[in-house]
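A.B. asks: What follows is a structure written as structure tokens; I'll ask about it next.
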Amino acid sequence: MKFLKLFLVFLIVTVTGFAQANVNIDALTDEQLQQFMAQAKLTGLSDAELETKAKEKGLSSDQIAKLRTRINNLSSSSSSNSSAKSIADTLVSRQKIVEQNIVQAKTTVKSKIFGAELFNNSNLTFEPNLKIPTPRNYVLGVGDVIAIDVFGYSDAKYSLRVNEEGLVRIPYVSPLKVTGLTFDDAQKKITQSLSKVYPEILTGKTSVQVSLGQIRTIRVTLIGEITKPGTYFLSSLSSIANALYVSGGPNENGSFRSIDLIRNGKKITTFDLYDFLLKGDLTNNRRLEDDDIVKVNPYTKRVELTGAIKRKAIYETKNGETLGSVIDFAGGFADGAYKEFFTVTRMGDKEKEIINITKNNYPSFELKSGDIIIVDSITNRFTNRVSINGSVFHPGNYALDNGTTKLSQLIAKAGLKEEAYLKRGLIKRLQDNFMPQAIDFNVADIINGKNDLDLRREDSIKIYSIFELQENYNIIVQGEVNTPGIYDYADSMKLQDALIIAGGLKDGATDKKIEISRRIKMGMAADSNAYAIVESFSLDEYNSRKTTLKPFDVITVRKDPLYKDQKIVTIQGEVQYPGKYILQNSKETMTDLITRAGGLKSSAYVSSAILLRNSYRDNLERQLAESKAYYTTSQSRDSTTKDIFYAEIKTPRQIVNIHLEKALAAPHGIDDIAIEEGDILKIPQYKGTVQTIGGVYVPRKINFNNELSFSDAISESGGFLTNAAKRKVFVQYPNGEVKKSHSFLFFRSYPKLKPGSEIFIPLKPERKPMSTGEIIGISSALAGMASIIYGIINLKK
């Protein structure tokens, strides 16, 4: 609270202006005190400074004491404190926003000033080149190191630093004062002094070479409207431009054209950056000396040039420079500039004003600071454009001139294509009221010189193609051909052409049964219920007719009814020659296949044999997939690709319940079932175990013996789980046969076990316990029902 007390003292005496000896502290309201507390956060004074300033303004110790008492009373209310804090936070936030906006505005203005990017370009530093020979007019000063090389009859080398007195000391030579001399004058003075020590210098037998070994550092001060004013230590070869670069260049108010170099209290030169930016001229970019001052003056006149101009920017002008000069600064007009007149927004004494300038007087138009010149662009329209598109060789825009005023002339220039639709074309025209208008014409009449039309500016002509106005003609070839699919129709196409395009007939195709289905058109069929006209004939019969195909015909090549594809079955396991076999006929059975495979091995366990077969659903899905593959087959797909496609289709098989031991005992009997394409007959080795699966404590494999019962297997697996569904137990035998348990009265019988059997014990579904809400709901429903029943009984009484 001490901090807030002193802040309030200061704010009352400085903001309200009533810091006098007769100030009535008690007259201040709590709201005023809260506002002063909030504003206190915006000052940067310490507690001691605030108290001192309050006393300087005339507040007595009694008044300060009263203020402290009021503040203590006010701080006792937490709501007041929070309110003051809220107001303070709001004021601080607003001031930060204002400061950010000011910084952003300054940054925006500076970024638009012509030349400002020069000081943000990392590729341009204006650093002096220290690898060049020492300039002859370089003025020596304290700290420079002079390298002297004497060679010839005599040989000596010296590296001498200019001391604080401006002297260099050469051995055997009296001290020489070199400060203030140009490098050329210093070289002559040094050579003359050395000639007294080395007389051969005068005869030319000994030579002297003088160079600058190390350049001194000078101190330069930058003042005025500079981004980072201050004192800088630079190389003695630095110029005005070097100093401006290291200090960030002129700020948003600084002049780029009035930069003074002040030396010993006198202005030496004025540097204009525009000379360098526009002409590459650095004549006035004078070399700096120790204690020089570079002053950036405020700008006098600035104007903004925007619109269709090559370099949009804010430009600084001098007296005598006009709008023509500024446009030259900007590199001239952009290609699309409208040069008939320009718009100038000018700041008046009280209001803004608009000035229009014509192209005749803009070169001499006098500008004022703050002017904004807008160069407009030409309109996006054409004075003499017409266009033609569609079925012509050269679509696009054309000039409406003496050579093209008629529609026939335009069509002749664009060149009509052979497939152009000659019965109708279209002109899209914009009427005088700007409503679009469509004008149709007969293309044939126009090119024959009949009913020619006059063209108008912005007319758009559309010539249609006959292919745009009709459905895409094609035919479908399907059935027993190598590459079935949809193919483009060609006029006078025959059946043989279509079959060749489809890759020719398959090996199983018959040329005795070919169907052509044709679309029904007006007058082709008397029966309104007909879907298509279907004709069936042999290839020879079709050839004798000498007819051609029509668009959208569907050609179907049938399969030879006597042609059979090889059907493959597989036998695996304990036979002499397992593998794939081709079915000989539709009556071949399991025992026939075993006989062809060389018979059973001694290790075969016939009771566990299984037969895997594609289900009806699997076959149906395969047929649908093949049908889809057929209709999506591209012209480039050959038979090999199609076979690979079919092979990727998954066809899971299901177990067929068989009794192979009975079939072997009675070949071709009722148990010796016929095998089908894709069947897999598996005959395993003897498996001497029984597997328990599901609702037992330890599912496991159990060694089989003839005395092993169902109960024994359950016991060896740890017994049933508490949630085991005992009534739904079943056994699956190795041959795929399934048997479940049966119950009679209080007795339950389980299937007999065989080697390789699997016992499945399902689990009861988990029952979710009823929630309290469900129990209450059911109880309420039962109570309600009981009430209804009781009421009905009373009514009957």
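The values are calculated or read from the model by the stated rules, or taken from the named source; none is laboratory data. Predicted model, so just to flag it, every value in this text is computed and none were measured. FYI the Cβ positions are ideal-geometry reconstructions off the backbone, even for glycines, and counts take in every protein chain you see. Each accessible area value is taken on the protein alone, full model and side chains, heavy atoms only, with ligands, DNA and RNA left out. Shrake-Rupley method; radii C 1.70, N 1.55, O 1.52, S 1.80 Å.
A.B. asks: Report, as a whole number in µm² per second, the diffusion coefficient that Stokes-Einstein gives for the stretch 431-479 at 37 °C and 0.692 mPa s using the Kirkwood radius over alpha carbon pairs.
C.D. replies: The Stokes-Einstein estimate is 224 µm²/s.
A.B. asks: Given a 1.4 Å probe, how much area per residue of the stretch 454-613 is accessible, in Å²?
C.D. replies: I get 58 Å² per residue for this part.
A.B. asks: Another question, if that's okay. Ranked highest first by the average count of other Cβ atoms within 10 Å around their residues, in what order do 246-252, 332-338, 146-152 fall?
C.D. replies: Listed from highest to lowest mean packing, they are 246-252, 146-152, 332-338.
A.B. asks: Right, here's the next one. For the stretch 174-290, what is the accessible area per residue in Å², given a 1.4 Å probe and the full set of protein chains?
C.D. replies: Heavy-atom SASA per residue in the stretch 174-290 reads 47 Å².
A.B. asks: Let me ask something additional. Net charge within 13 Å of I673 by Cβ-Cβ distance, Lys/Arg positive one each and Asp/Glu negative one each, not counting I673 itself?
C.D. replies: Once all neighbours under 13 Å are counted, the net charge is -3.
A.B. asks: May I ask which of K682/K728; K428/K462; K279/K318 have a Cα-Cα span longer than 19 Å here?
C.D. replies: Those over the limit are K682/K728.
A.B. asks: Ok, one more. Sort 677-689, 164-176 by packing, meaning the average of other beta carbons within 10 Å per residue, with the highest value first.
C.D. replies: Final packing ranking: 677-689, 164-176.
A.B. asks: Need the list of aspartates and glutamates near K417 for cross-linking: C-alpha distance under 14 angstrom, and skip anything on the same chain fewer than eight residues off.
C.D. replies: Leaving aside aspartates and glutamates fewer than 8 places away in the same chain, those within reach of K417 are E468.
A.B. asks: Report, to the nearest whole %, how much of the accessible area of the stretch 651-797 belongs to carbon and sulfur atoms, 1.4 Å probe, protein only.
C.D. replies: Answer for the stretch 651-797 is 58 percent, counting heavy atoms of protein chains only.
A.B. asks: At a 1.4 Å probe radius, carbon and sulfur cover how many percent of the accessible area of the stretch 159-212?
C.D. replies: Of the solvent-accessible surface of the stretch 159-212, carbon and sulfur hold 49 percent.
A.B. asks: If one computes the Cα centroid of the stretch 230-299 and of the stretch 133-184, what distance in Å separates the two points?
C.D. replies: When both Cα centres are located, 29 Å separates them.
A.B. asks: Given a 1.4 angstrom probe, I'd like the percentage of the accessible area of the stretch 289-387 that is carbon and sulfur, rounded to a whole number.
C.D. replies: Ligands and nucleic acids excluded, carbon and sulfur reach 46 percent.
A.B. asks: A follow-up question, please. If all Cα-Cα distances of the stretch 220-326 are sorted into 10 Å bins from 0 onward, what percent lands in each bin, rounded to whole numbers?
C.D. replies: Reading the bins upward from 0: 15, 45, 29, 10, 1.
A.B. asks: Among the listed pairs K228/K301; K112/K368; K494/K550, which are separated by more than 20 Å between their Cα atoms?
C.D. replies: K228/K301
A.B. asks: Suppose all protein chains stay in the model; what accessible area per residue would a 1.4 Å probe give for the stretch 710-763, in Å²?
C.D. replies: 60
A.B. asks: Here is a further query. So what is the relative contact order for the stretch 207-266, in percent, with contacts set as C-alpha pairs under 8 Å and at least six apart?
C.D. replies: 29
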